[in-house]
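**Student:** This is the structure I have questions about; it appears just below.
The values are calculated or read from the model by the stated rules, or taken from the named source; none is laboratory data. These numbers were taken from a predicted model, which means no experiment stands behind them. Calculation scope for accessible area: heavy atoms of the full protein, side chains included, ligands and nucleic acids excluded. Shrake-Rupley method; radii C 1.70, N 1.55, O 1.52, S 1.80 Å.
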Amino acid sequence: MKTFTEDHEKLLVSYLRTTSKMCHGLTTTQTRNLAYQFAVANKIDIPEEWNKNNKAGIHWLHGFMSRHKELSLRQPESTSLSRTSSFNETNTTTFFSNLEKLYQKHNFAPNMIWNLDETGCMTVTKPPKVIAVRGTKQVGQIASAERGTLTTVLFFISASGGTIPPVFIFPRVYFKDNMLKGAPVGAKGMPNPSGWMTEEIFVESLKHFSNRVQPTADKKALIIMDNHATHVNLQVVVFARKIHIIILTLPPHCSHRMQPLDVAVYGPFKSRYKQAMNNWLTSKPGKTVTIYEVAEFVNPAFSESFTISNICKSFKKTGIYPFNTNIFTDEDYLPSSITERPDPTSIINREIPAISQSKGNLPENDNILDQPSTSADPNRPSTSGIGTVKRTKEGREELGIVSPEMLRPYPSAPLRKQCRTRGRKKGKCSIITETPPRDLKENFNQIEQELDPSNVEEKKDSEEDNSRCVACGGEYRLSREEFIQCRLCNQWSHKSCGIIGNLNFFCKKCFRILFSFILPVFMFLYHCPLHGNNCP
């Protein structure tokens, strides 16, 4: 015999679905407690066991789940508060507005719309599921070490389904060719002691991208990426302008829903990377995985996961290409409704006590019935006619069904304190190559001159001049003799091509000039017309 009617269970199902989409799902114990409170508030006959334990029975929960197949017990994925609050309608509208502006101005072809992002490839990963004896409490699987070493890999994908060879960043001071053993053809490797991306490495990665895609002034390339500090800086902006690349940054903490690589590509890649490593460990017992085998594992995972169908699907699910501003629904924005704030420019900006937060006790003031509910999210599912007061023709009041939201209101965070931000400024969605942010405009000309190819050639010429002897013109790399810097011209020359003293060294070129200037003075003083050779 069912305890609740179909209408009651529909309310419970709707509440559980909404809370799970808000990243505040209920556990089995919390669901049983809510069912007991829901039954008591609506004066439903319940078993004595419920009153004894102050919660619904486990048998009721099993029957409730079997009747509603759309619900299931799942292991949730940890989602940070920054992600839930940043992915909102305001940020997505700003991103699509900037993207539409670029589409109208440049009319990009699908093969010129790109997304790039880094991911970490560890030498120790979580092993896949294996077949073992039923009832075994602990099943082990071989791994190289307790903790792995990080190797960062930068991937590129286009809206047409294409890709270019990735860039590997190895945790070493110097790069060796054997680090790319078994890597995808054309991959680029660079060293960094920490294994993380840096500004200089990212500029080199853009050069690698430019050599493959070859954007021009008439056919520019669009890169969509996150606004990490290594991506958004003056060197990147200046260099991207020179090689005809337009950079559009994503809203902060929104890459899990708006970045194509994160949406439909990195998931298959990670699973196949783990399989490749596990196959290597089982086929070569006794050997450990190092950074020299990472490229060998990336190659099969890259070819199997970076397919045309996966890449095109990722751009479609994010609304980037084909362009779709309505790709995200109101349910997608439910997690951000917890921290959503009213518009400060609105006329009505005052708090009104909501009936849904009264926890079953209706206020005595009748005027509240005519006031709107102050839910944090205007798009949050409403309970029209449920949990409200119904007026009869005689003017009397009778209580309808008490909804689960009245007993356990949807989560809503309080107003945050306004405080000064410290450290790095908050990122935002912007076209950094069109109009650089104010904090990037300082020393813009200086960085532009440093990255100017003509200046680079001049620096190379000056370095070549310093690598040759100023007297004989011999190269330093071919000489076995010591080079010493001249005291007058600050140029370098062989030790034998100059005059060395206790404190100073003069190259022969400067010594001739110096001697030709001092000798007349000495001769004039030595042959003085007043005293002759006896001049003091």
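**Student:** Please arrange Trp492, Trp114 by accessible surface area, largest first, computed with a 1.4 Å probe and ligands excluded.
**Tutor:** Trp492, Trp114
**Student:** Hey, can you find the accessible area per residue of the stretch 132-212 for me, probe 1.4 Å, expressed in square angstrom?
**Tutor:** 55 Å²
**Student:** Right, here's the next one. Can you bin the stretch 3-157 into rounded, prolate or oblate? Criterion: square roots of the alpha carbon gyration tensor eigenvalues sorted a ≥ b ≥ c, rounded for a/c under 1.5, prolate for a/b above b/c, oblate for the rest.
**Tutor:** Because a/c hits 1.5 or more and a/b fails to exceed b/c, the stretch 3-157 counts as oblate.
**Student:** In addition: How many Å² of accessible area per residue for the stretch 21-111, probe 1.4 Å?
**Tutor:** 64 Å²
**Student:** Using protein chains only and a probe of 1.4 angstrom, how many square angstrom of Ser82 are accessible, to the nearest 10?
**Tutor:** 50 Å²
**Student:** If you rank Lys313, Lys137 by how much accessible surface each has, with a 1.4 Å probe, what is the order from largest down?
**Tutor:** Lys137, Lys313
**Student:** So, one more: If ligands, DNA and RNA are left out, what is the accessible area of Glu293 with a 1.4 Å probe, given in Å² to the nearest 10?
**Tutor:** 40 Å²
**Student:** Counting only protein heavy atoms, what percent of the accessible surface of the stretch 173-224 is carbon or sulfur at a 1.4 Å probe?
**Tutor:** Ligands and nucleic acids excluded, carbon and sulfur reach 49 percent.
**Student:** Give me the compactness ratio for the stretch 1-40, meaning the Cα radius of gyration over 2.2 N^0.38 Å.
**Tutor:** Dividing the Cα Rg of the stretch 1-40 by 2.2 N^0.38 Å gives 1.17.
**Student:** In the structure displayed, which of Lys21/Lys55; Lys242/Lys316; Lys316/Lys428; Lys129/Lys287 lie more than 26 Å apart, Cα to Cα?
**Tutor:** Pairs exceeding the cut-off: Lys242/Lys316.
**Student:** In the stretch 1-140, carbon and sulfur make up what percent of the accessible area (probe 1.4 Å)?
**Tutor:** Of the solvent-accessible surface of the stretch 1-140, carbon and sulfur hold 49 percent.
**Student:** Any chance you could look up the accessible area of Glu482 with a 1.4 Å probe, heavy atoms only, rounded to 10 Å²?
**Tutor:** Number for this one is 110 Å².
**Student:** Related question: Going by accessible area, probe 1.4 Å, with all protein chains left in place, what is the ranking of Met65, Met179, largest first?
**Tutor:** Met65, Met179
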